[in-house]
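Asker: Pasting a structure here, questions to come.
Derivation of every value follows stated rules applied to the coordinates shown; laboratory data play no part. These numbers were taken from a predicted model, which means no experiment stands behind them. Note: ideal-geometry Cβ built from the backbone for every residue, glycine included; neighbour counts use all protein chains shown.
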Amino acid sequence: MPESELESLKSRGRIVVVGASLAGLRAAETLREKGFKGTLTMIGDEPYEPYDRPPLSKQVLLGMARAEDTALPRRRDIEAEWRLGVPASGLDMAGRRVKLADGDEVPYDRLLIATGVRARPWPNEAEGELDGVFVLRTRADGAGLARRLEAGPRRVLVIGAGFTGSEIASACRERGLEVTVAERADAPLVGALGGVVGAVAAEMHREHGVDLRTGVMVTRLEGDAGGRVRAAHLSDGAVVECDVVVVCLGAQRNTEWLAGSGLGAGPRGIACDAGCRAFGITGIVTDDIYVAGDVARSPHPLFGYQFLSLEHWGNAVSQAETAAHNMLSDSAGRRPHIWVPAFWSSQFGVNIKSVGVPTMGTEIMITQGSPAERRFAGVYGYQGRIIGAVTFDNARWLDFYQRQIEATAPFPPEFSNVDRRPEGGRPVPADFPDPSVPTHGPTVTLSGYSPADRRMTFTPARN
Amino acid sequence: MLRLVVDLNRCQGYAQCAFLAPDVFAMHGDEGLLYDPQAEAAQRERVAQAAAACPVQAILVEDAEASDA
């Protein structure tokens with residue numbers, strides 16, 4: 001019997017992974033684990049081997065670890081050819097080749113795209129280049145910011161109170177640094193968790209001595225004669241003197257290199273099916289191009305089959321494993337990526353965790369504990385079912401809520417006897433801001449049904 | 001030298017690691033965990049115990065000397 005295409009792929013095919021971070025690495029390990037013996041090429045724009053990003057806004061800023069020491073542990077040897085420090089610059093789908101910025105081309109039989117996201121830069125380029133203005137996404141960003149915090153700035157300004165901005169503010173206060181946080185919305189974390197939880201987050205900021213300014217925008221950053229940032233001007237007329245500014249305005253997907261390639265890639269990410277296969281702009285799914293991690297958007301059966309974009313550590317790992325499995329499987333052997341969204345954040349000494357898609361929620365009900373004690377669990381409701389949950393220092397309950405979400409359990413929940421507290425017991429509006437007024441982006445985004453959507457669209461579901 | 005990463009989606013703050021390898025793992029608040037992503041080789045035994053004792057098996061360790069890089 002002649003060797004099947006799949007068998008020949010496994011024994012001597014060429015698999016190229018573009019994006020050498022968490023998703024790319026875990027996919028490569030899974031490919032080898034599943035018996036892929038061909039050539040494996042890892043392409044990454046940063047000059048480093050895969051490293052872990054979450055410590056950059058926590059341990060690294062607290063001075064407990066160096067940004068340079070965040071290389072990810074390997075699950076196994078991957079015997080890859082590494083092309084680091086050279087970004088991919090184009091894709092020839094018909095010729096099955098990835099073009100690199102240095103002019104080289106890498107042919108593939110199967111391609112995995114895991115190019116992730118980058119920090120959204122400060123919109124005014126000249127102001128963004130002032131000395132002392134940072135974003136925080138890469139190892140180099142983390143090292144630079146940690147060094148500057150170590151030097152003891154007089155005041156740090158954090159622009160944007162999403163998770164990254166809040167974690168940075170928390171680290172600054174823990175180091176005894178003065179910090180001002182400017183947020184466009186009415187509270188921190190509202191984009192991801194809504195106004196009810198955002199109000200708790202705002203109290204945490206203020207209790208820890210953060211100068212939190214909400215409902216304001218930073219209109220201008222001002223430098224001194226030496227090109228160092230010295231002040232920020234706010235939309236309410238206030239001027240904040242600061243010598244470090246950290247811009248935390250969410251992320252942008254790294255899809256520009258695919259422009260004109262024919263893939264369904266745009267500012268919302270790269271559309272793929274539940275099996276991680278990329279869509280072309282024709283709406284036809286490809287056979288040989290897969291997507292995983294922050295750059296992917298894929299339909300999820302638990303959430304109305306809308307395309308979901310997830311900037312989550314756990315999603316990158318799970319989707320990479322599924323993509324790798326499917327790359328080496330025939331159609332009957334493929335499996336869907338049905339990971340339930342989950343994330344964590346550590347700030348002001350509180351462990352915040354979430355499952356499901358809180359941003360779909362129209363109502364929230366505190367089911368356990370008490371927001372006043374900074375220890376509680378809340379569930380989000382959408383059309384009569386539980387769609388998401390959040391815990392503050394109550395992580396051991398999260399699995400329970402995840403099962404409720406997976407079972408599309410009714411909302412308001414019926415387990416009224418789990419805990420009885422004055423704040424709980426009845427649903428209230430979850431109070432998400434109108435998504436047509438962008439603030440820092442939420443880390444879970446619903447992005448419609450069109451695999452070929454090239455625009456940035458917001459879909460206000462409420463308000 | 002050891003590389004490590006903790007799956008903090010899985011971590012539920014049982015703090016076994018912080019007892020067994022306190023120079024590498026530390027509780028931060030009641031249930032948050034901070035860890036050194038690159039530990040000294042001298043911590044090998046303790047880190048291995050911490051990884052084995054984790055009730056939710058959230059700790060991945062690699063002995064980087066033995067890897068291909």
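Asker: Length gain on complete extension for the stretch residue A:125 to residue A:414, per 0.36 nm per residue less the alpha carbon to alpha carbon distance?
Answerer: Stretched fully, the residue A:125-residue A:414 segment lengthens by 98.8 nm.
Asker: Please work out the FRET efficiency for the pair residue A:449 and residue A:338, using the Cβ-Cβ distance as r and a Förster radius of 22 Å; give the result to the nearest 0.05.
Answerer: 0.80
Asker: Still on this model: When N counts the residues of chain A, how does its alpha-carbon radius of gyration compare numerically with 2.2 N^0.38 Å, as a ratio?
Answerer: Numbers: Rg = 22.5 Å, N = 463, 2.2 N^0.38 = 22.7 Å.
Cα-based Rg divided by the globular estimate yields 0.99.
Asker: Sticking with this one: To the nearest 0.05, how large is the calculated FRET efficiency for residue A:178 and residue B:7 if R₀ is 41 Å and r is the Cβ-Cβ distance? Walk me through the numbers on the way to the answer.
Answerer: On the way: r = 35 Å, r/R0 = 0.84.
The pair residue A:178/residue B:7 has a calculated efficiency of 0.75.
Asker: Using a Cα-Cα cut-off of under 28 Å, which lysines could be cross-linked to residue A:353, ignoring same-chain neighbours fewer than 8 residues away?
Answerer: The reachable lysines, counting only those whose Cα sits under 28 Å from residue A:353, are A:58.
Asker: Report the one residue of B:26, B:53, B:6 whose Cα lies farthest in the direction of the positive end of the charge dipole of chain B (charges on C-beta: Lys and Arg +1, Asp and Glu -1; origin at the Cα centre).
Answerer: B:53
Asker: Of the options A:361, A:250, A:270, report the single residue whose Cα projects farthest towards the positive end of the charge dipole of chain A (beta-carbon charges: Lys, Arg +1; Asp, Glu -1).
Answerer: Projecting each Cα onto the dipole axis, the largest value belongs to A:361.
Asker: To continue, here is another question. Suppose every K and R has +1 on its Cβ and every D and E has -1 on its Cβ; what is the size of the dipole of region A:99-172 about the Cα centre, in Debye to the nearest 20? Kindly include the intermediate steps, with their values, before the conclusion.
Answerer: Numbers: 10 positive and 11 negative charges, 78 e Å.
With only Lys, Arg, Asp and Glu charged at Cβ, the dipole is about 380 debye.
Asker: Hey, another quick one. What angle, in degrees between 0 and 90 and rounded to the nearest 10, separates the Cα long axis of helix B:44-53 from the longest principal axis of the Cα atoms of chain B?
Answerer: Roughly 40 degrees, rounded to the nearest 10.
Asker: Quick check for me: using +1 on Lys/Arg Cβ and -1 on Asp/Glu Cβ, what's the dipole size of the protein assembly as shown about its Cα centre, in debye to the nearest 20?
Answerer: With only Lys, Arg, Asp and Glu charged at Cβ, the dipole is about 840 debye.
Asker: Using unit Cβ charges (K, R positive; D, E negative) and no other charged atoms, how large, in debye to the nearest 20, is the dipole of region A:1-148 about its Cα centre?
Answerer: 520
Asker: Once phi is turned into θ = phi - 60°, what whole-Hz ³J(HN,Hα) does the Karplus curve with 6.51, -1.76 and 1.60 give for every residue of region B:54-60, x standing for Gly and Pro?
Answerer: Each residue of region B:54-60 in turn: 4, x, 10, 6, 9, 9, 10 Hz.
Asker: Let me ask you something else. Using each residue's phi in region A:147-162, evaluate 6.51 cos²θ - 1.76 cosθ + 1.60 at θ = phi - 60° and report the 3J(HN,Hα) Karplus result to the nearest Hz, with x for Gly and Pro.
Answerer: 4, 5, 5, 4, 6, x, x, 6, 8, 9, 10, 9, 9, x, 10, x
Asker: Using alpha-carbon positions, what is the distance between the centroids of region A:87-139 and region A:288-356, in Å?
Answerer: Using only Cα atoms to place each centre, the spacing works out to 21 Å.
Asker: How crowded by other chains is A:63-73, given as the mean number of beta carbons from other chains within 10 Å of each beta carbon?
Answerer: Taking all residues of A:63-73 together, the mean is 5.
Asker: Straight distance only, please: which lysines reach the Cα of residue A:10 with their own Cα at less than 28 Å, same-chain residues fewer than 8 apart left out?
Answerer: Within the straight-line limit of under 28 Å, residue A:10 reaches these lysines: A:34, A:37, A:99.
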